[in-house]
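The values are calculated or read from the model by the stated rules, or taken from the named source; none is laboratory data. On a predicted model such as this, the values are computed, not experimentally measured, just so you know. All Cβ positions, glycine included, derive from the backbone under ideal geometry; neighbour counts span all protein chains shown.
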Amino acid sequence: MDTFTPTAALRQQMEAIEASLHQLTDLLGQLALQEAHVYPLPPVPQGEEHDPIEQIEVGYLNGEAALAATLAAYRDHSARPGCSTKATHRLPSWLRFPAAAAPLLQPLIDQINQHKLDFKALVQQAGGRDEKFDLVHTALPGVITLQVYRKLTLLAGELQSLGFTWADKQTINRLSREQVLEMLERSRRYIPALSNNEEWSKMVDQEVYDIRRLPANAELRIRRPVKTHPMINLLWLERTPRKQQIKASLPLLLCSDTPPAVTHLGNYPPKSRQARRDRKIGGEPIIERLHLYLYQG
């Protein structure tokens, strides 16, 4: 590939991914499908990717329709008309094949995932964010890189249970006043594309002033919301550790002769969900762009 331009190399790598996925389509079509469960999610319209998620209606497919949706999801790397390119497409689902299928599938799954890693490496070599964007969208217009990067998951063994759930927690980092001030001083060097030096400097000055007004022993928290997404909780019969959790962005392939107990993916939010209140981290953020709050312990 060294003789190729970066654009040609990336195109060839995508062709390798697609060729391997075509092989997977043929192989899965030849295997005895034991069961298949797919939970289609509604698309995210363009311009709504940052809106708070209050409700998600989940669909359901099984059997051959589920297999067809799975194969389409594996090859789904491009933006859809009217849908946001900032919100990747997810298809939570799982399919079970006989245990004897594992040695047939594993080498091909490994090959596909290696092709995906090689694709990512070519993109990373392009340089900065703008250079990466230009490379991908010159070589492969409309392709969403995160969807290409996603690896396929194949599991083999006896599961006791397999349960889908929704993850929507927040990441919380504890900081002192001095740590925040250091963070703000570092941020002076990184001026966003839509700001000029003077505007950015004035904004950071105001943020520094607001933090210095706080008591020296003030405890601060960065409370950053995590985008709601589906997960799978696994409980193995005879494996250490028994518990495992994986993302449900792409269909999971399971090779096992024993059907596990299943908790299907329901609508979001679950009916059993209780409203959560964090009384110690609340109020208006001190610095909104950092999701920075005062800890009221």
Residue pairs qualifying under the 8 Å Cβ cut-off, at least six apart or on distinct chains, with the first in the stretch 124-144 being at negative phi and the second being loosely packed, with under 12 Cβ neighbours inside 10 Å, are 132/124
Residues in the stretch 2-43 that are in a strand (DSSP E or B) and among the hydrophobic types (A, V, I, L, M, F, W, C) total 2
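Within the stretch 239-297, restricting attention to residues that are assigned to a strand (DSSP E or B) and either within 30 Å of residue 217 (Cβ to Cβ) or among the aromatic types (Phe, Trp, Tyr) (or both), which residue is modelled with the highest pLDDT?
Let us first name the residues in the stretch 239-297 that are assigned to a strand (DSSP E or B), namely 243-247, 252-255, 261-263, 268, 281, 287, 292-295.
Still in the list and also either within 30 Å of residue 217 (Cβ to Cβ) or among the aromatic types (Phe, Trp, Tyr) (or both): 268, 281, 287, 292-295.
Details: 268: 92, 281: 54, 287: 86, 292: 86, 293: 85, 294: 86, 295: 80.
The selected residue is 268.
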Query raised in the report: Being over 30 Å from residue 29 (Cβ atoms) and among the small types (Gly, Ala, Ser), is that true of even one residue in the stretch 142-165?
Result: no
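Of the residues that make up the stretch 110-126, is at least one outside any helix (DSSP H, G or I) and at pLDDT below 95?
yes
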| query | When you look at residue 214, is it in contact with a Ser or Thr (Cβ under 8 Å, 6 or more places away or on another chain), surrounded by 14 or more Cβ atoms within 10 Å (Cβ to Cβ) and hydrophobic (A, V, I, L, M, F, W, C), yes or no? | reply | no
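For every residue, the table says whether it meets (1) in a loop (DSSP other than H, G, I, E, B); (2) at pLDDT 95 or above; (3) touching a Lys or Arg at 6+ places or on another chain (Cβ under 6 Å).
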residue	(1), (2), (3)
162	no, yes, no
183	no, no, no
194	yes, no, no
198	no, no, no
203	no, no, no
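What about residue 147, is it of a type in the set (S, T, N, Q), assigned to a helix (DSSP H, G or I) and not assigned by TED's automatic domain parsing to the domain that holds residue 86? Spell out how you get there, then give the answer.
Details: of a type in the set (S, T, N, Q): yes; assigned to a helix (DSSP H, G or I): yes; not assigned by TED's automatic domain parsing to the domain that holds residue 86: no.
Against the criterion (of a type in the set (S, T, N, Q), assigned to a helix (DSSP H, G or I) and not assigned by TED's automatic domain parsing to the domain that holds residue 86), residue 147 does not qualify.
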How many residues of the stretch 73-103 are at pLDDT below 95 and not in a loop (DSSP other than H, G, I, E, B)? The answer is 2
The residue from 142, 127 that alone is farther than 20 Å from residue 20 by Cα and either in contact with a helix residue (DSSP H, G or I) (Cβ under 9 Å, 6 or more places away or on another chain) or surrounded by 15 or more Cβ atoms within 10 Å (Cβ to Cβ) (or both) is 127
When the stretch 161-187 is checked residue by residue, the ones that are surrounded by fewer than 14 Cβ atoms within 10 Å (Cβ to Cβ) and of a type in the set (Lys, Arg) are 169, 174, 186
Listed by first then second residue, the pairs whose first member lies in the stretch 46-70 and is within 22 Å of residue 150 (Cα to Cα) and surrounded by 13 or more Cβ atoms within 10 Å (Cβ to Cβ), whose partner is aliphatic (A, V, I, L, M) and modelled with pLDDT under 95, with beta carbons under 9 Å and at least 6 positions apart or on separate chains, are 49/87
